[in-house]
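Just below is one structure, and these are the notes that go with it.
The values are calculated or read from the model by the stated rules, or taken from the named source; none is laboratory data. Model, not experiment: these values are computed from the prediction. Neighbour counts run over all protein chains shown; Cβ positions are idealised from the backbone, glycine included. Protein only, heavy atoms only, side chains kept; ligands, DNA and RNA dropped before computing areas. Shrake-Rupley method; radii C 1.70, N 1.55, O 1.52, S 1.80 Å.
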4 protein chains.
Amino acid sequence: MIVILKRNAGDEQVQRVVSAIERAGFTAHVSRGEERTIIGAIGTSPQMRPHLMEVFGGLPFVDRVVAVLKPYKLVSMEARAERSVVEVGGVPVGPGHFTVIAGPCAVESEEQVLAAARAVKEAGARMLRGGAYKPRTSPYDFQGMGEEGLKLLAAARAETGLPVVTEARRPQHIEKVVQHADAIQIGARNMQNFDLLTEAGQSGMPVVLKRGLAATVEEWLKAAEYIASVGNPNIILCERGVRTFEQALRFTQDLAIIPLVKELSHLPVIVDPSHASGKRSIVPAVCRAALGAGADGLLVEVHPDPDNALCDAAQQLRPEQFAGLMAQIRKLAAVMGLAV
Amino acid sequence: MIVILKRNAGDEQVQRVVSAIERAGFTAHVSRGEERTIIGAIGTSPQMRPHLMEVFGGLPFVDRVVAVLKPYKLVSMEARAERSVVEVGGVPVGPGHFTVIAGPCAVESEEQVLAAARAVKEAGARMLRGGAYKPRTSPYDFQGMGEEGLKLLAAARAETGLPVVTEARRPQHIEKVVQHADAIQIGARNMQNFDLLTEAGQSGMPVVLKRGLAATVEEWLKAAEYIASVGNPNIILCERGVRTFEQALRFTQDLAIIPLVKELSHLPVIVDPSHASGKRSIVPAVCRAALGAGADGLLVEVHPDPDNALCDAAQQLRPEQFAGLMAQIRKLAAVMGLAV
Amino acid sequence: MIVILKRNAGDEQVQRVVSAIERAGFTAHVSRGEERTIIGAIGTSPQMRPHLMEVFGGLPFVDRVVAVLKPYKLVSMEARAERSVVEVGGVPVGPGHFTVIAGPCAVESEEQVLAAARAVKEAGARMLRGGAYKPRTSPYDFQGMGEEGLKLLAAARAETGLPVVTEARRPQHIEKVVQHADAIQIGARNMQNFDLLTEAGQSGMPVVLKRGLAATVEEWLKAAEYIASVGNPNIILCERGVRTFEQALRFTQDLAIIPLVKELSHLPVIVDPSHASGKRSIVPAVCRAALGAGADGLLVEVHPDPDNALCDAAQQLRPEQFAGLMAQIRKLAAVMGLAV
Amino acid sequence: MIVILKRNAGDEQVQRVVSAIERAGFTAHVSRGEERTIIGAIGTSPQMRPHLMEVFGGLPFVDRVVAVLKPYKLVSMEARAERSVVEVGGVPVGPGHFTVIAGPCAVESEEQVLAAARAVKEAGARMLRGGAYKPRTSPYDFQGMGEEGLKLLAAARAETGLPVVTEARRPQHIEKVVQHADAIQIGARNMQNFDLLTEAGQSGMPVVLKRGLAATVEEWLKAAEYIASVGNPNIILCERGVRTFEQALRFTQDLAIIPLVKELSHLPVIVDPSHASGKRSIVPAVCRAALGAGADGLLVEVHPDPDNALCDAAQQLRPEQFAGLMAQIRKLAAVMGLAV
């Protein structure tokens, strides 16, 4: 890390900072410019770095401290020679593929989940999504069917062969999801629920990690590092929109971040256009845009009868809309050399 | 709720919307303007409202749906004749008081927590804060002392008489916090961890609910409603900065929201200036500003030796700074007719 | 507009609000729900609406005022039966086309602008961009060549046949731009420079109106309305990224807004990926994403030798990168039925 | 500035970067860590710095470039030994004072502006504000009285002795404002209207520079540097709220930035609570908070009859509210050792 001193720092102050750096086990490297003295701190462990940045930043005569290394390691592009492919129930997500995961917001009944699974499979989706444990911002909203819902998803998988992705909202859910499904989804509001991340990591099952609604790319990759640091490399990042001043749509989908994340990390990254926009008519355009931006796939909501859905009625695609979209996606993906 | 139709909606479309409203158990009230037809939907249960707003919003010919009632009820100002006082270990937070809660970011040792407790008590704090379960954005950071830390806090309370506020990060922590402390703090990243909110509510212990770093006032009050809806009215709201484009300080402290929250809700609201700014030299000015804005108190970090703190070294006040600040706070509070 | 009263508003208060509405020339339409009284205000002029929303919103007993009609009219989709095509020097921007406008950030020399114009034409761009009047956030930065730069752009047009789009920063520049170029660009920081908008409108020349860096869609369309309201319908909207908490890239490109703007307005909308990302390696992915999102074209920076550019060195594409991108864009546009 | 190379940069790449730095007139200072090579670039002119950061940032093998020096100089705290006092018509703004500037949003009539001036003077304001040239987001809103309004302000000054602060929206207005008033206000939407800044600077008259609604502190100080760089040091910064995701109030007032700006710059900084909140009932709390935060004064809207105001009806204080607020402000300022 680099410690930039304030303009008026004299020799005594430089020496105080050097001593603090050396006491912490760093080697100090002093560089005096015309207007500022800069001190490089070289050689300590990644574990100590964030803490020491705080400590040095709080010293008198220090203007600011700049990190040189990234605060994540296992998930960084530098940790591997190439981008990762994560397999979920035999279906690959990563380079060469554009993998579409589709299904209803929430599991509501056997009939509904089977109808959805058949429709999305026929249209070309490779995995089924559906929520059994729903996080709801109001205590008065529908909270999901729980384990019963997971069993219905498993039944839909048995019939269609589509692997299942479903959300766990608290550590106790993970065991159930492992039993009935193929990948654990961590929702946006839980991206920094560090206990949940650790237990999802320990399960060994693939994890779809949604970006927090106000999470920077760096925080998102640090959350992935929590999962990777307990030995689980099977992580799929999912951009689902961030909160900004623009509220004409529910969130602002951050698609330019896709090529950036692919420079920073070897993990595959997919896009959820349904929660970001909250509006059915917007979703197909964003799906095509995600493909253009280089995403590795989609997580998109499709419901056999959205007008009677128990949640997110306004954003779920109708089956015929989804089929039309997939036809277009296949042609565009072919131009880009990707298998759908 | 009010359903605003698109401009080109004809009689048949108006009728479809009216039918949907009536099927849902509402009474429809149609008002035709020169350019738009508006349909009021009167009389259904609060439970169904958010869902039906989604459903109606997704109908063709509907431009948008506007809520009339707030999505929270028990915590709203309309639910009570006057603002609430919440007592924590006998210390009041609410009208007529400006209650200062102070102590270190994390419990690090018996010596450290006792030194902090003595210093903040002598300077005039009425409660002690300190973290035993720390939420950390990186898996490589110090994660707190756990239950051992809670016992040290209880020992500091025994000596000083200061009630203790401390964070629970997951449902299992709540039982421990109830055993050793006086109020449960819910951190910003857990403001929408709905399972944690419910269990904190069920504990019956006072809850300090920090605002999520991208939470609107409405979402914050809905999170408080989760706690209140299981029968626990002892909630203290805590503004701790929100995430915005301005990153010269860590977060943007939203002080103008204090008088607004006091119009919307009867709950007391305090301010945490330490996490918001992340910078020691900024904290005293924000403490005075919080008092001016009408906050009911402060949650502020004070460490006997911040340069050697294991977390948040740059933001914790030194004991002598805190004592100077409290002297000033007492005089300003006297002008405003508040007991410190 | 709809006036929602506070819960405790009695008959006398309802009457006061009704009187205020009627004094302002509206017809009042009272609807009493179980918990709230709502008053519709029907039939006044669009000119008075924003002002009266303020006035009614400030009355005691009023909870809030909701607009029914949009605050823009001429540029709204409701004002026309179909989406507009805007022609710039004979080149169409609008339905059926994906029009690429390319060239250097700033005009630096005759050699540079001619090299750029030839390269972008050969690769398939239909118009030339280049800045002669540069808005710079620091007084110490290069401010552009002024009218001399405009003449060089005109010379490049003479040779290549590409119409020219260039920025005017203040009213006096407009006359010069009209003399030498084919479309006036209004920069993001001038989106609410209302005098500049009015004079650009009065010029009659096509206007490329960039979205302000913190402008909502509604404010952007209101700024377009300024131009349209003085009789100039030739407006091309340009999304160039908005400012959010995420600063890993310079701005957050808001692509999901493209299909939304196409629902709200008949104006064509293009995307500037260069200023939004500020990073060359990100630009091609965003260009493809803009096409997928349904944009009507691109405004993209290409420089014959970006490493020696006088501004925005890090974001301008190299000519060979641009040619490769255009080859891919042509194939994707063909799938979507668009002429490039 | 400091150039941080990518991890895989070899000797040849280091040499390329060093050569580029030396060609630009810098001295290069190479520091090889275990994982990264860092190159300091020492000794060039401030004019070239922002440009060269772009150029180096665009080089292959460069991870990122970090500025060491601030991009503003004349307005920085380092440029002076102490904080500045700016005098407007003989009234000081700066250390030791809490200067209240009050008056209506817009000048509407002789009667209105005189009534306002008398009321704010009697309550203790030291200057009069009032808009003659109004920037409006809709072309259909009231645009102000123009020069006629300036003359009414001058008449109010003649009667009350209060110096006048009023906005100039375009360069041509500045001459008129200089003729009739005592300080030029630059509005938030013009903070980066660089031509206007330059001409306001050249006028020599004190300038009240509002923060742009999405401007970082650094951009705000760079805008002030535009004014200072043409020889006008009489600048008063004014925080008026920034745009964030929270829209329960119109903007988010950023009060914690006040002590930060006072560390970074010697210029006085005041607070406008009226435009930030847009809501009369919120304004007094924010005024007290601004005092607590260390602001040097207020710019606050007061109207003799707000319910009939031609703009901002919901936010202007009634005269009796303002008088009550000033009584409280005087007592709090006395505690803080400030003259009101």
Practice item. Restricting attention to region B:284-313, report how many residues are out of contact with any strand residue (DSSP E or B) (no Cβ under 6 Å at 6 or more places or on another chain) and within 14 Å of chain D (Cβ to nearest Cβ). Key: 9
Check your understanding: List pairs: first in region D:271-287 and on the phi < 0 side of the Ramachandran plot, second crowded, with 24+ Cβ neighbours inside 10 Å and among the acidic types (Asp, Glu), Cβ under 6 Å, 6+ apart or cross-chain?
Key -> D:271/D:239; D:274/D:301
Study note, to complete from the structure: region D:13-84: strands (runs of 3 or more DSSP E) wholly inside it with 1 or more residues that are at pLDDT below 85 and facing another protein chain (nearest Cβ under 7 Å) are D:37-42
**Study point:** Filtered residues of region B:158-175 (kept if open to solvent by 60 Å² or more (accessible area, probe 1.4 Å) and within 14 Å of another protein chain (Cβ to nearest Cβ))
**Key:** B:172
Point to revise | Given (1) assigned to a strand (DSSP E or B); (2) touching a residue at least 40 places away in the same chain (Cβ under 8 Å); (3) within 18 Å of the chain's Cα centre (by Cα), number of the condition residue D:135 does not satisfy | key: (1)
Study note, to complete from the structure: Filtering region C:36-84 down to residues that are closer than 30 Å to residue C:8 by Cβ and open to solvent by 50 Å² or more (accessible area, probe 1.4 Å) yields C:48, C:53, C:60, C:61, C:64
**Study point:** Test set (1) acidic (Asp, Glu); (2) modelled with pLDDT of 95 or more; (3) surrounded by fewer than 22 Cβ atoms within 10 Å (Cβ to Cβ) - residue B:307 fails condition number
**Key:** (2)
Check your understanding: Which of the residues that make up region B:195-209 are farther than 23 Å from residue B:90 by Cβ and either β-branched (Val, Ile, Thr) or open to solvent by 10 Å² or more (accessible area, probe 1.4 Å) (or both)?
Key -> B:195, B:198, B:199
Study note, to complete from the structure: Cβ pairs under 6 Å, 6+ apart or interchain, first in region D:200-220 and farther than 13 Å from residue D:71 by Cβ and more than 14 Å from every other protein chain (Cβ to nearest Cβ), second open to solvent by less than 10 Å² (accessible area, probe 1.4 Å) and part of a loop (DSSP other than H, G, I, E, B), ordered by first then second residue, are D:204/D:232
Check your understanding: Cβ-Cβ below 9 Å, separation at least six or inter-chain, first residue in region D:292-305 and on the phi > 0 side of the Ramachandran plot, second among the charged types (D, E, K, R): which pairs?
Key -> D:294/B:288; D:294/D:262; D:297/D:126
Practice item. Identify the residue in region B:176-194 that is aliphatic (A, V, I, L, M) and over 18 Å from the mean Cα position of the chain (by Cα) and, among all such residues, is most open to solvent (accessible area, probe 1.4 Å). Key: B:178
Review point. Given the residues C:155, C:119, C:125, which is the only one that is in the same structural domain as residue C:222 (by TED's automatic domain parsing), surrounded by 17 or more Cβ atoms within 10 Å (Cβ to Cβ), over 30 Å from residue C:262 (Cα atoms) and in contact (Cβ under 8 Å) with a residue 40 or more places away in the chain?
Key: C:119
Point to revise | Selection status of residue C:326, in contact with a helix residue (DSSP H, G or I) (Cβ under 6 Å, 6 or more places away or on another chain), among the aliphatic types (A, V, I, L, M) and touching a residue at least 40 places away in the same chain (Cβ under 8 Å) | key: yes
Review point. So residue D:114 clears everything in (1) farther than 25 Å from residue C:222 by Cα; (2) in a helix (DSSP H, G or I); (3) under 20 Å from the mean Cα position of the chain (by Cα) except one condition, right? Which one?
Key: (3)
**Study point:** Residues located in region B:229-252, provided they are within 14 Å of chain A (Cβ to nearest Cβ), surrounded by fewer than 24 Cβ atoms within 10 Å (Cβ to Cβ) and within 28 Å of residue B:89 (Cβ to Cβ)
**Key:** B:229, B:230, B:231, B:232, B:240
Exercise for review: Confirm whether residue D:102 is farther than 30 Å from residue A:79 by Cα, modelled with pLDDT of 95 or more and either open to solvent by less than 40 Å² (accessible area, probe 1.4 Å) or not assigned by TED's automatic domain parsing to the domain that holds residue D:186 (or both).
Suggested key: yes
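Listed here are the residues, each with its yes/no results for (1) modelled with pLDDT of 95 or more; (2) buried (at least 24 other Cβ atoms within 10 Å of the Cβ); (3) closer than 30 Å to residue A:49 by Cβ.
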| position | (1), (2), (3) |
| --- | --- |
| B:254 | yes, yes, no |
| B:268 | yes, yes, no |
| B:273 | yes, yes, yes |
| B:277 | no, yes, yes |
| B:286 | yes, yes, yes |
| B:298 | yes, yes, no |
| B:301 | yes, yes, yes |
| B:313 | no, no, yes |
| B:316 | no, yes, yes |
Exercise for review: Looking only at region B:318-340, count how many residues are out of contact with any Gly (no Cβ under 9 Å at 6 or more places or on another chain) and open to solvent by 10 Å² or more (accessible area, probe 1.4 Å).
Suggested key: 9
Check your understanding: Within region C:141-205, which helices (runs of 4 or more DSSP H) (wholly inside it) include 2 or more residues that are of a type in the set (Gly, Ala, Ser)?
Key -> C:147-160, C:194-203
Check your understanding: Has region B:33-50 got at least one residue that is of a type in the set (A, V, I, L, M, F, W, C), closer than 20 Å to residue B:269 by Cβ, touching a residue at least 40 places away in the same chain (Cβ under 8 Å) and out of contact with any Ser or Thr (no Cβ under 6 Å at 6 or more places or on another chain)?
Key -> no
